[in-house]
Amino acid sequence: MYAAFFKGDKRAILLRAAVLIAAIAMLDWRIVGEIPLGFLYLLPILLVGSVLSPWQIGAVSALCTFLAEVFDDLTWSLRAGLSRDVLYFAAFFGVGLFVREVTRNRRAAQQHLEEIEHQSEARREAEGQLRILVETSPAAIITADTDGAILMANEAAHRMLALEPEVLPGQSIHRYFPSLANVSRQEATARLYRTTMQSRGQRADGEVFLAEICFSTYPSERGTRLAAMILDTSEDLRTREETTLQQMLTGSRIAAAAVSHEVRNVSGAISVVHQNLARKGLLSRDKDFEALGSLLQALERIASVDLRQYTDQTAETELSSLLDDLRIVVAPALREAGIEGIWNIPAELPTVWADRQNLMQVFLNVTSNSIRALADRNSSNLTVSALVGDRCVQVEFTDNAGGVAYPDRLFHPFQQEAQVTGLGLYLSRALMRACRGELRHKPIPGGSSFIVEMPVVDATESLA
């Protein structure tokens, strides 16, 4: 009850203080005697001290001093009365200032306590969210101390290492990831690490797998700590190697077809000469001539390999994401060569029918040719644009490299002017035609343009 009397807003407290001052003054006036009641003014001073400024407290103290002196029955003299008034005022003003400081400190302490509670609540919420993130993360998250002893491991880490839950804490991380042995054994003053690496991991049953480890070290009161986020990339490795093998087989098949095509042309010409000589009968009994005919037949059988349509690897391909991947791959090469890359790609592109890996190889081959042609040129640029039609999508690669000297030889294999084998554009066109697409060249003033055409999935299905 008494505590509630001192609480409230500023107006309510001042009103109570005014009522108390009036009541004390009236009481002091009505009671006649030698008992001074001026000390009762300390009560309203306690009230106003909690809400007023120092000079306002001084004004109220002066008012209370005046009222105490006027309504008491003590005789006033310059010596006794002035001393008494000074003591009154000092007491009132001192108590008011004391209450003001106590109130201010109390409010500051209360605000500080509320801030601490708010920070604690925010910290608890953040820790809860972090705990949920760690426990539900598909990546293995492990922390270890200086000696490599595991301090914390989430559920994904136990699944990755083929262990039961809550088994990893206390075990050595070096047993499962030996490459982290030199990382975790760092002194507190040593350089801290924040990097990524690939290494071999070993499960509890001895199975070896490929791991992508993102780790960092940080200091603590008990030494350097290691925090690692680990992904099992074994499946990615298998997929990558199988894709590489498939691409190699496909490229080898097309290269063999290109060679057999050229051999077939040559062997056809030799066969005509051989038949002409056989009809004349001049070498009909010559053993070497007969052996030449046998060798020619064997050569024709070898050259009978032909490039046929293959559709086992073709599928519905998201062209937009593929072009985004292409941009990521070629952007560094364009920057290093000082070539401005211009990408005019619509926000949405239809799904096309193609082999994603082979289509990426075609795009890379065309862009690589343009980058080589634009090397050491001033104000060079490469524009990649896409045009959507009813049945197909065209992706056009345009450069300002000055054009092609012999456009009629572009898609012929084994060109003498070409770099390496001269099979790049030939194989690229063969890959596109194998999935009902096309690659063609369009000459433009001051440069060249290569157009990669792919059928839209709906159009392909209607044609089928």
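For the range 20-46, give me each residue that is under 19 Å from V95 (Cβ atoms), at pLDDT 80 or above and surrounded by fewer than 14 Cβ atoms within 10 Å (Cβ to Cβ).
The answer is A23, and nothing else.
From the list E69, E127, which residue is more than 30 Å from W29 (Cα to Cα), part of a helix (DSSP H, G or I), without any contact (Cβ under 8 Å) to a residue 60 or more places away in the chain and not assigned by TED's automatic domain parsing to the domain that holds A156? Walk me through it before giving the result.
On the way: E69 fails: more than 30 Å from W29 (Cα to Cα).
Going through E69, E127 in turn, just one is more than 30 Å from W29 (Cα to Cα), part of a helix (DSSP H, G or I), without any contact (Cβ under 8 Å) to a residue 60 or more places away in the chain and not assigned by TED's automatic domain parsing to the domain that holds A156: E127.
Taking the conditions exactly as written (at pLDDT 90 or above, outside any helix (DSSP H, G or I) and not basic (K, R)), does L113 satisfy them or not?
no
Looking at the range 400-420, which of the residues that are within 40 Å of the chain's Cα centre (by Cα) and either at pLDDT below 75 or not in a loop (DSSP other than H, G, I, E, B) (or both) is surrounded by the fewest Cβ atoms within 10 Å (Cβ to Cβ)?
V420
Could you please let me know if G148 is crowded, with 16+ Cβ neighbours inside 10 Å and either closer than 29 Å to R238 by Cβ or out of contact with any Asp or Glu (no Cβ under 9 Å at 6 or more places or on another chain) (or both)?
For G148, the condition - crowded, with 16+ Cβ neighbours inside 10 Å and either closer than 29 Å to R238 by Cβ or out of contact with any Asp or Glu (no Cβ under 9 Å at 6 or more places or on another chain) (or both) - is met.
Which strands (runs of 3 or more DSSP E) sit wholly inside the range 306-399 and have at least 3 residues that are of a type in the set (A, V, I, L, M, F, W, C) and touching a residue at least 12 places away in the same chain (Cβ under 8 Å)?
Ranges flagged: 351-354, 381-388, 392-399.
So, in the range 441-464, how many residues would count as being modelled with pLDDT of 75 or more and aliphatic (A, V, I, L, M)?
The total comes to 6.
When you go through (1) touching a Gly at 6+ places or on another chain (Cβ under 6 Å); (2) modelled with pLDDT of 85 or more; (3) of a type outside the set (A, V, I, L, M, F, W, C) one by one for S184, which number turns out not to apply?
(2)
The values are calculated or read from the model by the stated rules, or taken from the named source; none is laboratory data. Everything numeric in this text was worked out from a predicted model, so none of it was measured. Cβ coordinates were reconstructed from backbone atoms using ideal geometry, including for glycine residues, and neighbour counts include every protein chain displayed.
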